[in-house]
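A short reminder: the numbers here are calculations on the coordinates, not readings from a lab. As the structure is a computational prediction, the values presented were derived from the model and not from experiment. All Cβ positions, glycine included, derive from the backbone under ideal geometry; neighbour counts span all protein chains shown.
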Amino acid sequence: MRYWEDFTVGMVLEFGGYEVTEEEIIEFATEFDPQSFHIDKDAAKEHFFGGIIASGWHTGSMCMRMMVDHYIGDSASMGSPGIEQLRWKKPVRPGEILQVKAEVLDRSLPKSRPELGFVKFSHTVLNQKGEVKMTMISSGMFLRNPENSATEASQ
């Protein structure tokens, strides 16, 4: 279990290996972002992207999945207060394999909630060639380690 104390400024986590399929791109976009260059192969060929590409929202969702699989799922996560910055740098195409590089930028403890802390991350989504596809700066809330809190309370 990872707690707030386990995320230190400068810490870098690298993970992923998510293979993007054309079927998944079309399925996601049909439901949530039905623009022609996400769902129609013929129309996408004529678009300036030159073929089917993933919705930026889909790219963000794939990033979130990898984050949960790598570090959020086995942490004392209490959610997130939001995203500060999100940039779609290059389109994600079928057949690409995505990975994430996450760096801890900052951490803080709120005075009003001593049982949890905030961790600010920079996330970069890259493909198998190292091309940057998306960047995101966001914060997560994590419970503090109860063993550390108990020790601090008795001092």
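Search the structure for amide H atoms under 5 Å from the amide H of Q128, placed 1.01 Å from N in the peptide plane, and list their residues when 5 or more places away or on another chain.
I97
In segment 27-132, what GluC sites (Glu not before Pro) fall in a loop by DSSP, with at most 16 other Cβ atoms inside 10 Å? Walk me through the numbers on the way to the answer.
Details: sites: E27, E31, E46, E84, E96, E103, E115, E131; in loops: E96, E115, E131.
Passing both the DSSP loop test and the Cβ count: E115, E131.
Starting from the Cα coordinates of the chain, work out the convex hull volume and express it per residue in Å³.
Working: hull volume 17.0 nm³, N = 155.
It comes to 110 Å³ per residue, whole-number rounded.
Within 10 Å of each candidate Cβ there may be at most 11 other Cβ atoms; applying that plus a DSSP loop requirement, which chymotrypsin sites (Phe, Trp or Tyr not before Pro) in segment 1-63 survive? Show your work: numbers first, answer last.
Working: sites: Y3, W4, F7, F15, Y18, F28, F32, F37, F48, F49, W57; in loops: Y3, F7, F48, F49.
Those that pass, being in a loop and sparsely packed, are F48.
Would you kindly derive the ³J(HN,Hα) couplings of segment 129-136 from the backbone phi angles with the Karplus curve 6.51 cos²θ - 1.76 cosθ + 1.60 (θ = phi - 60°), listing them in order in whole Hz, with x for Gly and Pro?
Coupling constants for segment 129-136: 8, x, 6, 6, 9, 8, 10, 8 Hz.
DSSP loop trypsin sites (Lys or Arg not before Pro) in segment 50-103 with at most 16 other Cβ atoms within 10 Å of their Cβ, which ones?
Details: sites: R65, R87, K89, K101; in loops: K89.
Within segment 50-103, the qualifying trypsin sites (Lys or Arg not before Pro) (loop, at most 16 other Cβ atoms within 10 Å) are K89.
Could you tell me how far the Cα centroid of segment 74-107 sits from the Cα centroid of segment 23-63, in Å?
Going from one Cα centre to the other spans 19 Å.
HN-Hα J couplings of segment 71-77 from phi, Karplus 6.51/-1.76/1.60, θ = phi - 60°, integer Hz, Gly and Pro as x?
Here the 3J(HN,Hα) series is 9, 6, x, 10, 10, 8, 5 Hz.
Pop a pseudo-label 7 angstrom from the Cα along the beta-carbon direction at both E46 and Q85 and give the gap in nm to one decimal.
3.8 nm
Past 27 Å, Cα to Cα, is the threshold; run K45/K101; K45/K89; K89/K111; K41/K133; K45/K120 against it and keep the listed order. Kindly include the intermediate steps, with their values, before the conclusion.
Values: K45/K101 31 Å; K45/K89 20 Å; K89/K111 37 Å; K41/K133 21 Å; K45/K120 39 Å.
Beyond 27 Å between Cα atoms: K45/K101; K89/K111; K45/K120.
Sort H123, H38 by Cβ crowding within 10 Å, fewest neighbours at the top.
Details: H123 21, H38 25.
So the residues, fewest neighbours to most, are H123, H38.
Convert each backbone phi in segment 84-94 into a coupling constant with the Karplus relation 6.51 cos²θ - 1.76 cosθ + 1.60 (shift: θ = phi - 60°), then list the ³J(HN,Hα) values in order as whole Hz, x for Gly and Pro.
7, 8, 9, 10, 9, 7, 9, x, 9, 10, x
Please list, ordered by chain and number, the residues whose modelled amide H lies under 5 Å from the amide H of E19; skip anything fewer than 5 residues away on the same chain.
Residues meeting the criterion, in which the H sits 1.01 Å from N, are L98.
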